[in-house]
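Report on one structure; see the data block that follows.
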Amino acid sequence: MVNAIKGLFISCDVPMAQLIINMNSSLPASQKFIVHMLDSTHMFVQPHVAEMIQTKIAEYRDQNTYEKPA
């Protein structure tokens with residue numbers, strides 16, 4: 001018997017992967033969303049967290065963007 005899980009495959013660089021891992025580890029056990037870490041830059045997550053991950057990454061990028069003073 002085969003067990004299948006619907007999910008989302010994420011491919012990213014190491015810093016973004018660490019951000020996602022930290023987001024996952026800050027949640028209680030019942031809300032963890034990483035299904036499987038394939039390697040340091042690829043992971044399989046539950047599909048319902050796609051929007052949350054995109055929002056957190058956008059916030060992270062906005063905080064770490066340099067803007068030249070006028």
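The values are calculated or read from the model by the stated rules, or taken from the named source; none is laboratory data. As the structure is a computational prediction, the values presented were derived from the model and not from experiment. When we count neighbours, we look across all protein chains shown, and the Cβ atoms used for this are built from the backbone with ideal geometry, even at glycine.
Structure data summary
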item: Filter result (in a helix (DSSP H, G or I) and either under 10 Å from the mean Cα position of the chain (by Cα) or farther than 16 Å from Glu51 by Cα (or both)) within segment 29-40; result: Ala29, Ser30
item: Any pair with Cβ under 8 angstrom, 6 or more apart, that starts in segment 38-53 at a residue that is closer than 18 Å to Asp13 by Cα and in contact (Cβ under 8 Å) with a residue 40 or more places away in the chain and ends at one that is of a type outside the set (Val, Ile, Thr) and part of a helix (DSSP H, G or I); result: Ile53/Met23
item: Selection count where residues are in contact (Cβ under 8 Å) with a residue 40 or more places away in the chain and of a type outside the set (A, V, I, L, M), scope segment 54-70; result: 1
item: Selection count where residues are surrounded by 10 or more Cβ atoms within 10 Å (Cβ to Cβ) and among the small types (Gly, Ala, Ser), scope segment 1-44; result: 4
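Here is a yes/no grid of residues against (1) at pLDDT below 95; (2) outside any helix (DSSP H, G or I); (3) of a type outside the set (Gly, Ala, Ser):
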{"residue": "Pro15", "(1), (2), (3)": "yes, no, yes"}
{"residue": "Ile21", "(1), (2), (3)": "no, no, yes"}
{"residue": "Leu27", "(1), (2), (3)": "yes, yes, yes"}
{"residue": "Ile57", "(1), (2), (3)": "yes, no, yes"}
{"residue": "Thr65", "(1), (2), (3)": "yes, yes, yes"}
{"residue": "Pro69", "(1), (2), (3)": "yes, yes, yes"}
